[in-house]
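The values are calculated or read from the model by the stated rules, or taken from the named source; none is laboratory data. From a predicted model like this one, the values you see are computed outputs, not experimental measurements. Cβ placement follows ideal geometry from the backbone for every residue including glycine, while neighbour counts extend to all protein chains displayed.
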């Protein structure tokens, strides 16, 4: 390993211990044994699917078998187009992904820019984090991605507690009201070799949002 690479990894390694210690104290939400409220879930899906212009800010912590890191997260979604930015600690820099599911432009902190039909692979090359960005757009809202089989577990108020899709498990730990819609506050996304925790500090729904018929905490 080169000396420059070692220097870039030092902040990540320092953060790893803190991330692992925090994760050890955090438990995934309990999945209810009783069936959830399917009618309320059907209502939520209609409302959430109509949210196509939004942005969020928060934090993301990623753990793999080899390393871990945390970063700030900014995401703007306008229809099918996303503008996704993560800013890591010193030595990691920032990675920005802009585009839609067919073609995205990736930009790193060195100012390099290139297009790719597989931005997930490019994101992994820059950060070590591989996640299906085309599906993550829907998961962030508390929805399964369309056109892909999924398995859902609901709470008594018709909200997702756990989602299984495309080899990933997504857990929703809390919801907060925004413009009359309950949206996720903390999410854990995991596969066999990576675990991602997302804490959303702020949601902004542009153009307002239709009210949910049954808005319950």
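Restricting region 164-174 to residues that are free of Cβ contacts under 8 Å to residues at least 40 places away in the same chain and assigned to a strand (DSSP E or B) leaves a set whose member that is nearest to the chain's Cα centre (by Cα) is 170.
Residue-by-condition table, conditions (1) part of a strand (DSSP E or B); (2) modelled with pLDDT under 90; (3) surrounded by 20 or more Cβ atoms within 10 Å (Cβ to Cβ); (4) under 16 Å from the mean Cα position of the chain (by Cα):
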{"position": "83", "(1), (2), (3), (4)": "yes, no, no, yes"}
{"position": "101", "(1), (2), (3), (4)": "no, yes, no, yes"}
{"position": "125", "(1), (2), (3), (4)": "no, yes, no, no"}
{"position": "130", "(1), (2), (3), (4)": "no, yes, no, yes"}
{"position": "134", "(1), (2), (3), (4)": "no, yes, no, yes"}
{"position": "140", "(1), (2), (3), (4)": "no, no, yes, yes"}
{"position": "145", "(1), (2), (3), (4)": "no, no, no, yes"}
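Annotation note: Cβ proximity below 7 Å between a residue of region 99-112 that is on the phi < 0 side of the Ramachandran plot and a residue that is in a loop (DSSP other than H, G, I, E, B) (sequence gap 6+ or interchain) occurs for 100/80; 101/80; 102/117; 103/117; 108/93; 109/93.
Among the residues of region 147-160, those identified as crowded, with 20+ Cβ neighbours inside 10 Å and in a strand (DSSP E or B) are 154, 160.
Outside any loop (DSSP other than H, G, I, E, B), at negative phi and at pLDDT 90 or above - does that describe any residue in region 21-37? Checked against the condition, which is being outside any loop (DSSP other than H, G, I, E, B), at negative phi and at pLDDT 90 or above, region 21-37 yields no hits at all. Within region 85-99, the set of residues being under 13 Å from the mean Cα position of the chain (by Cα) and within 21 Å of residue 190 (Cβ to Cβ) comprises just one member, 86.
The listed residues are 158, 180, and the only one of them that is in contact with a helix residue (DSSP H, G or I) (Cβ under 7 Å, 6 or more places away or on another chain) and within 17 Å of residue 45 (Cα to Cα) turns out to be 158. Summed over region 49-68, the residues that are without any contact (Cβ under 8 Å) to a residue 60 or more places away in the chain and in a strand (DSSP E or B) give a count of 1.
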